[in-house]
Amino acid sequence: MKLSDVKLSIVGLGYVGLPLAVEFGKKRPVIGFDINERRIAELRLGNDFTLENTREELAAAERLTFTTDIDELRVCNCYIVTVPTPIDEYKRPDLTPLMKASETVGKVLKKGDIVIYESTVYPGCTEEDCVPVLENHSGLKFNVDFFCGYSPERINPGDREHSVTNIRKVTSGSKPEIAELIDALYSQIIVAGTHRAESIKVAEAAKVIENTQRDLNIALINELALIFNRMGIDTEAVLKAAGSKWNFLPFRPGLVGGHCIGVDPYYLTHKAQAIGYHPEIILAGRRLNDSMGTYVVAQLVKAMTKKRIQVEGAKVLVMGLTFKENCPDLRNTRVVDIVAELKDYNCEVDVYDPWVTVEDAQHEYAITPVAEVRPGQYDAIILTVAHNQFKSMGADNIRALGKQHAVIYDLKYILPAQASDLRL
């Protein structure tokens with residue numbers, strides 16, 4: 001297959017798939033496929049609920065069409081799979097969306113076709129888990145009748161500067177000539193250039209260690225924050241001082257959620273355990289980061305008690321629900337840990353987030369955010385996400401939301417140090 005012969009489809013149109021489809025749609029015909037009929041209907045009207053693509057950007061992808069009809073994929077010969085790969089309640093990889101997408105592609109797969117996976121997986125998943133599904137549903141043989149590639153997504157939700165075209169892309173293929181073709185395909189849209197990995201497994205491993213490294217770095221800073229808090233030292237002041245050295249890495253403490261950093265390490269540790277190795281450092285970092293919600297609430301309760309604020313029945317405002325600032329992405333947000341812990345203390349919790357719809361919050365976490373907040377209502381306020389809207393409110397307006405002796409806990413260093421009672 002030559003590059004000019006590629007007839008492309010993107011399977012899965014979420015935070016990863018849609019930006020990719022839009023960029024390709026500016027260059028070549030692309031079919032964007034998703035099983036969510038509501039999602040397809042909204043995209044046809046030029047609306048992207050993820051806010052990753054504007055109406056103008058969708059319109060600029062003149063050669064992109066949307067469908068929920070699997071039969072429309074039969075004209076394609078190259079499929080890029082961009083579905084979620086979450087973890088279950090036991091922190092184990094949940095490959096259900098990936099397997100179902102592989103079944104879908106397998107049903108329309110033909111001789112000579114190429115399937116490229118972008119979903120985050122553990123090393124070996126593409127060839128050991130996805131390929132058998134493709135073979136089973138197509139009746140074709142891998143690397144004889146059809147071929148595969150892996151090019152891990154590096155989408156950063158809410159980041160308009162580091163968009164899909166401006167982040168270097170790792171590519172790989174199941175045969176050298178396939179790897180070359182896949183690399184050339186992505187090179188059509190990736191301004192930042194590509195890095196062709198030696199194998200699919202190398203590309204898979206590169207993806208999971210990118211976020212595992214970040215997870216461990218944040219875990220280190222979180223542990224330092226726990227130590228400095230006990231010593232009565234301001235963590236941000238320490239980090240600013242240490243950051244004056246040119247090679248000090250600028251990580252900050254906090255809740256670690258999202259679709260990558262809070263998930264990817266579990267994919268790597270799952271595979272490691274499957275081959276008989278028990279990872280210690282990676283899992284230690286995960287345990288510490290996953291415990292931060294409990295720690296935050298414990299600190300808040302202690303501060304409330306010192307101020308003689310009745311904890312049971314107290315009204316607490318949680319400002320921010322998304323996993324990061326200035327985007328509506330709720331995937332794996334660890335703010336829910338704080339909400340759940342507060343409710344265990346029988347607190348009355350209001351969650352306020354101008355980026356989140358009530359429908360999405362209820363669907364994902366059975367949480368109903370408040371539409372507005374009024375002054376003088378709360379015994380405690382926790383700033384959990386650094387949305388621009390919260391920054392622009394200023395310290396006085398945020399403190400005014402609380403009662404006279406309310407406790408203000410600033411997890412994100414939004415306020416000046418003297419304007420909050422607690423900081424992480």
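Please count how many residues of segment 171-180 are surrounded by fewer than 21 Cβ atoms within 10 Å (Cβ to Cβ) and of a type in the set (A, V, I, L, M).
Selection size over segment 171-180: 1.
Do the conditions hold for GLY293, that is, is it open to solvent by less than 10 Å² (accessible area, probe 1.4 Å), under 22 Å from ILE338 (Cβ atoms) and in a loop (DSSP other than H, G, I, E, B)?
No.
PRO84 passes all but one of (1) modelled with pLDDT of 95 or more; (2) closer than 30 Å to ARG160 by Cβ; (3) of a type outside the set (Asp, Glu); which number fails?
(1)
Among the residues of segment 94-104, are any in a helix (DSSP H, G or I), touching a His at 6+ places or on another chain (Cβ under 9 Å) and either of a type in the set (S, T, N, Q) or open to solvent by less than 10 Å² (accessible area, probe 1.4 Å) (or both)?
Checking segment 94-104: at least one residue is in a helix (DSSP H, G or I), touching a His at 6+ places or on another chain (Cβ under 9 Å) and either of a type in the set (S, T, N, Q) or open to solvent by less than 10 Å² (accessible area, probe 1.4 Å) (or both).
Is it the case, given these coordinates, that VAL164 is within 29 Å of GLY112 (Cα to Cα) and of a type in the set (Val, Ile, Thr)?
Values: within 29 Å of GLY112 (Cα to Cα): yes; of a type in the set (Val, Ile, Thr): yes.
Here the answer is yes, as VAL164 does meet what is asked.
Counting just the residues of segment 197-228 that are open to solvent by 30 Å² or more (accessible area, probe 1.4 Å) and of a type in the set (Asp, Glu), which one comes out farthest from PRO265 (Cα to Cα)?
Only one residue fits best here, namely GLU198.
Looking only at residues in segment 297-323 that are out of contact with any Gly (no Cβ under 6 Å at 6 or more places or on another chain) and closer than 18 Å to ILE261 by Cβ, which one is surrounded by the most Cβ atoms within 10 Å (Cβ to Cβ)?
GLY320
Would you please name the residue that is farthest from the chain's Cα centre (by Cα), looking only at residues in segment 156-197 that are part of a helix (DSSP H, G or I) and among the hydroxyl-bearing types (Ser, Thr, Tyr)? I'd like the intermediate steps shown before the answer.
So in segment 156-197, the residues part of a helix (DSSP H, G or I) come out as 164-166, 176-187.
Those still in the list that are among the hydroxyl-bearing types (Ser, Thr, Tyr) too: 165, 186-187.
Working: THR165: 18, TYR186: 22, SER187: 24 Å.
Among those residues, the one meeting the criterion is SER187.
What's the total number of residues in segment 133-155 that are crowded, with 17+ Cβ neighbours inside 10 Å and in a loop (DSSP other than H, G, I, E, B)?
The total comes to 6.
Go over the candidates THR120, THR212, THR126, THR165 one by one and state the one that is within 23 Å of ALA272 (Cβ to Cβ), modelled with pLDDT under 95 and hydroxyl-bearing (Ser, Thr, Tyr). Lay out the reasoning, then the answer.
Values: THR212 fails: modelled with pLDDT under 95; THR126 fails: modelled with pLDDT under 95; THR165 fails: within 23 Å of ALA272 (Cβ to Cβ).
On inspection, the qualifying residue turns out to be THR120.
For segment 6-30, which residues satisfy the criterion of being surrounded by fewer than 22 Cβ atoms within 10 Å (Cβ to Cβ) and in contact with a Cys (Cβ under 9 Å, 6 or more places away or on another chain)?
Scanning segment 6-30 gives VAL6, LYS7.
Which residues, counting only those in segment 229-258, are within 26 Å of PRO157 (Cβ to Cβ), among the small types (Gly, Ala, Ser) and open to solvent by 70 Å² or more (accessible area, probe 1.4 Å)?
none
Is there any pair with a first residue in segment 321-344 that is in a helix (DSSP H, G or I) and a second that is surrounded by fewer than 21 Cβ atoms within 10 Å (Cβ to Cβ) and among the charged types (D, E, K, R) whose Cβ atoms are under 8 Å apart and which are 6 or more apart or on different chains, and what are they?
Filtered contacts from segment 321-344: ASP337/ASP290.
Let's see how each residue does on (1) open to solvent by less than 60 Å² (accessible area, probe 1.4 Å); (2) among the β-branched types (Val, Ile, Thr); (3) farther than 27 Å from ASN326 by Cα; (4) at pLDDT 95 or above:
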{"residue": "ASP34", "(1), (2), (3), (4)": "yes, no, no, yes"}
{"residue": "GLU37", "(1), (2), (3), (4)": "no, no, no, yes"}
{"residue": "ARG44", "(1), (2), (3), (4)": "no, no, no, yes"}
{"residue": "ASN53", "(1), (2), (3), (4)": "yes, no, no, no"}
{"residue": "ASP71", "(1), (2), (3), (4)": "no, no, yes, yes"}
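Using the structure shown, decide if GLU118 is under 24 Å from the mean Cα position of the chain (by Cα) and free of Cβ contacts under 8 Å to residues at least 12 places away in the same chain.
Taking the combined requirement at face value, the residue does not satisfy it.
Name the residue, out of ILE281, ILE338, ILE261, that is out of contact with any His (no Cβ under 9 Å at 6 or more places or on another chain) and open to solvent by 50 Å² or more (accessible area, probe 1.4 Å).
Details: ILE338 fails: open to solvent by 50 Å² or more (accessible area, probe 1.4 Å); ILE261 fails: open to solvent by 50 Å² or more (accessible area, probe 1.4 Å).
After ruling out the rest, the residue left standing is ILE281.
If ASP329 satisfies every condition in (1) farther than 22 Å from ARG92 by Cα; (2) open to solvent by less than 20 Å² (accessible area, probe 1.4 Å) but one, which is the exception?
(1)
May I ask you to list pairs of residues, at least six apart or on different chains, whose Cβ atoms are under 7 Å apart, with the first in segment 21-36 being touching a residue at least 60 places away in the same chain (Cβ under 8 Å) and the second being crowded, with 16+ Cβ neighbours inside 10 Å and assigned to a loop (DSSP other than H, G, I, E, B)?
Within 7 Å, the pairs are GLU23/ILE189; PHE24/ILE189; LYS26/ALA61; LYS27/ILE189.
List pairs: first residue in segment 200-220 and farther than 26 Å from VAL131 by Cα, second residue assigned to a helix (DSSP H, G or I) and not hydrophobic (A, V, I, L, M, F, W, C) anywhere in the structure, Cβ distance under 7 angstrom, at least six positions apart or on different chains.
Cβ pairs passing all conditions: ASP215/PRO265; ASP215/GLY285; ASP215/ARG286; ASP215/ASN289; LEU216/GLY285; ILE218/ASN289; ALA219/GLY285; ALA219/ASN289.
Specify the residue that is nearest to the chain's Cα centre (by Cα); the eligible residues are those in segment 356-396 that are over 29 Å from PRO416 (Cα atoms) and of a type in the set (A, V, I, L, M, F, W, C).
ALA361
The values are calculated or read from the model by the stated rules, or taken from the named source; none is laboratory data. The model shown is predicted, which means the values in this text are computed figures rather than measured ones. We place every Cβ from the backbone using ideal geometry, glycine too, and count neighbours over all the protein chains shown. These area figures cover heavy atoms from the full protein model, side chains too; ligands, DNA and RNA do not enter into them. Shrake-Rupley method; radii C 1.70, N 1.55, O 1.52, S 1.80 Å.
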